[in-house]
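For reference, the structure discussed in these notes is given below.
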Amino acid sequence: MKILGLDTSNYTTSSALFDTSDGTVKQVKKLLPVKKGELGLRQSDAVFHHTKQLPEIVKKLLEDFEETPAAVGVSVKPRGIDGSYMPCFLCGEGLADSLGAVNGISVYKTSHQVGHILAALYSADRLDLVKERFIAFHVSGGTTDCLLVEPDDENIIGITELGTSLDLKAGQAVDRVGLMLGLDFPCGQRLEELAVKSGRSYKIKPTMKGGSCCLSGVENRCGKMLGDGENPEDIAMYCLCCICAAIEGMTRYALDMHGKLPVVFAGGVMSDKIIRDRLESEFDSYFAAPEFSCDNAAGTAVFAALKGNFI
C-alpha cells in the first residue's frame, strides 16, 4: 500500500509517498520563494504560494503511480497543543480532506512537530522508539524545543516540553546571521559551507535558565564580530558553536531529569554537519538524513501508516 503525506509549513511545500510493502519513501517538495534580503514570508504570502505549488508537487509525486493511495497523513498545525495555529497548514489540510472525500479514504491529521520527529525516526531506522520513552529535539526556524516523547494511543507519540529557547530560535539565529553575511534565505546550508572554511573552534558557555536557553546574544555578538572586521567564516562558525552549546546544555538537563534515554534530533538546523558531529560524540543520539531533517511530508505519511495500522 502507498500512503500519501502532505506538509505545508512556512518554508516548504512538501509531499511524500510511503510504500508500506518495502518501507521506502518518495518525496517531492519545493521551497517557498522569498525575496532576496527578507527573512521568510507573511502567512498570506505563504498560503498563496502553497496554493500554487501544492498541485504541482503532488502531480509530480504521483505521475508514475496509478493506484489511489490507501490513506492520507497531513500536518494541520505547528504543535500538538491547544491554540497552536498557522494559516499555511490549511492548504495541506484542505487538499487532504478533498482527496479523502473524493476517494473514500481516511485522512489522519497530526502536527508539523510530530511529523518532524517521525521523519527523523524513519530516517534513523528507529520507528520502534514510538513504543518507548525518548528525548527529542525539534530545532528549526520557529522552534528550539527539547521534548520528552512517550507512547500515545491517540497521537502515536505524546510530547511534553522540557525546554525551549526563551527568545531567538536557532533557525532564526542562523538566518539572521546569514543575511548579515550576505547569504540568501534560508541560510543554513550556506552558513555551514562558510563555517567549514574557518580554522577556529569556539568553546561557548550557553546562557541557560533551567532546561531552556537564550540565543538572542548570538546575533548581537556576531554583529559585533562583523563590525570589528572578523572573517565571515569565523562568524559563521561562532554562530553554529553557540547553537550547539545551547543544545548540549538542554540535552544534559533533560537527561539529568529523566535518566539515560535515546536522544533524537529533528528539524532543519539539525541537518548541519558541524552541529551533528559534535552532538554525536557527546550523546546516544539519532539524526535524520538532511532530506528528512528539513521540513518534509515523510513524517505525516508515516503517521498515517501507523495510525491506520498499515504497518
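The values are calculated or read from the model by the stated rules, or taken from the named source; none is laboratory data. Being a predicted model, the structure only gives us computed values, none of them experimental. Note that we place each Cβ from the backbone using ideal geometry, even for glycine, and neighbour counts take in every protein chain shown.
If I ask for residues that are surrounded by 24 or more Cβ atoms within 10 Å (Cβ to Cβ), part of a strand (DSSP E or B) and either of a type in the set (Ser, Thr, Tyr) or over 19 Å from the mean Cα position of the chain (by Cα) (or both), which ones from segment 5-50 would you list?
8, 13, 14, 15
Determine which single condition residue 141 fails, assuming it passes every other condition in (1) of a type in the set (Gly, Ala, Ser); (2) surrounded by 20 or more Cβ atoms within 10 Å (Cβ to Cβ); (3) out of contact with any Lys or Arg (no Cβ under 7 Å at 6 or more places or on another chain); (4) over 20 Å from residue 4 (Cα atoms).
Just one mismatch for residue 141, condition (3).
Looking at 73, 80, 115 in this structure, which one is surrounded by 14 or more Cβ atoms within 10 Å (Cβ to Cβ), in a helix (DSSP H, G or I), on the phi < 0 side of the Ramachandran plot and in contact (Cβ under 8 Å) with a residue 24 or more places away in the chain?
Exactly one of 73, 80, 115 is surrounded by 14 or more Cβ atoms within 10 Å (Cβ to Cβ), in a helix (DSSP H, G or I), on the phi < 0 side of the Ramachandran plot and in contact (Cβ under 8 Å) with a residue 24 or more places away in the chain, namely 115.
Quick grid of which residues meet (1) closer than 20 Å to residue 310 by Cα; (2) among the β-branched types (Val, Ile, Thr):
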position: 38; (1), (2): no, no
position: 56; (1), (2): no, no
position: 61; (1), (2): no, no
position: 64; (1), (2): no, no
position: 81; (1), (2): no, yes
position: 85; (1), (2): no, no
position: 100; (1), (2): yes, no
position: 118; (1), (2): yes, no
position: 121; (1), (2): yes, no
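Report yes if some residue within segment 236-250 is part of a loop (DSSP other than H, G, I, E, B) and either β-branched (Val, Ile, Thr) or under 19 Å from the mean Cα position of the chain (by Cα) (or both); otherwise report no.
Checked against the condition, which is being part of a loop (DSSP other than H, G, I, E, B) and either β-branched (Val, Ile, Thr) or under 19 Å from the mean Cα position of the chain (by Cα) (or both), segment 236-250 yields no hits at all.
Checking residue 129 against (1) in the same structural domain as residue 297 (by TED's automatic domain parsing); (2) touching a strand residue (DSSP E or B) at 6+ places or on another chain (Cβ under 9 Å), which test does it fail?
Residue 129 satisfies all of (1) in the same structural domain as residue 297 (by TED's automatic domain parsing); (2) touching a strand residue (DSSP E or B) at 6+ places or on another chain (Cβ under 9 Å) except (1).
Confirm whether residue 99 is farther than 30 Å from residue 169 by Cα and part of a strand (DSSP E or B).
Considered against the rule, which asks whether it is farther than 30 Å from residue 169 by Cα and part of a strand (DSSP E or B), residue 99 comes out as no.
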